[in-house]
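Below is one structure, written out as structure tokens, with a few remarks after it.
The values are calculated or read from the model by the stated rules, or taken from the named source; none is laboratory data. Nothing here was measured: the structure is a model prediction, and the numbers come from that model. When we count neighbours, we look across all protein chains shown, and the Cβ atoms used for this are built from the backbone with ideal geometry, even at glycine. These accessible areas exclude ligands, DNA and RNA; they are computed on the full protein's heavy atoms, side chains included. Shrake-Rupley method; radii C 1.70, N 1.55, O 1.52, S 1.80 Å.
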Amino acid sequence: MKARLIEKSRTVINDKTYFEVVLWHLPNPVPGSTHPFKYRLALVVNGECVLRYDNERGKGDHRHLGNREEAIEFTSLEALYDAFQADMERMLR
């Protein structure tokens, strides 16, 4: 099985803000993760990424909040997106 792109989208919130979702299904987990997905969910405001959930090779599942990086627990794609959505809504208030 080859890597398969599941989603690649950009949603514009306003003229200065958007979020992107890139999600792949892989034949094997990315080193540091235990699931078969490679993902990046990013909130960009004024050209700067202020929130990002991803699973870089060797780092596993984590999120970036400004300059801070924190490990997160991956349970499902739905839970991942819900957590990202909640963080995004808090940041945009």
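Numbers below:
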| read-out | value |
| --- | --- |
| Electrostatic dipole magnitude of the chain [Cβ: Lys, Arg +1; Asp, Glu -1; Cα centre; debye, to 20] | 320 |
| Bins of 10 Å from zero: percent of alpha-carbon pairs in the stretch 1-78 | 19, 47, 29, 5 |
| Angle in degrees between helix 77-92 and the longest Cα principal axis of the chain, rounded to the nearest 10 | 20 |
| Pairwise FRET efficiency - residue 28 versus residue 91, Cβ, R0 = 35 Å, nearest 0.05 | 0.60 |
| Protection proxy ranking, peptides 67-78, 28-39, average beta carbon neighbours within 10 Å, highest first | 28-39, 67-78 |
| Signed unit charges on C-beta, dipole axis of the stretch 10-60, positive-most listed residue 27, 43, 13 | 27 |
| Average accessible surface area per residue within the chain, 1.4 Å rolling probe, Å² | 64 |
| Whole-Å distance, taken between Cα centres, linking the stretch 2-41 and the stretch 68-91 | 13 |
| Residue-span extension gain [residue 71 to residue 4] - 0.36 nm each, minus C-alpha spacing | 21.6 nm |
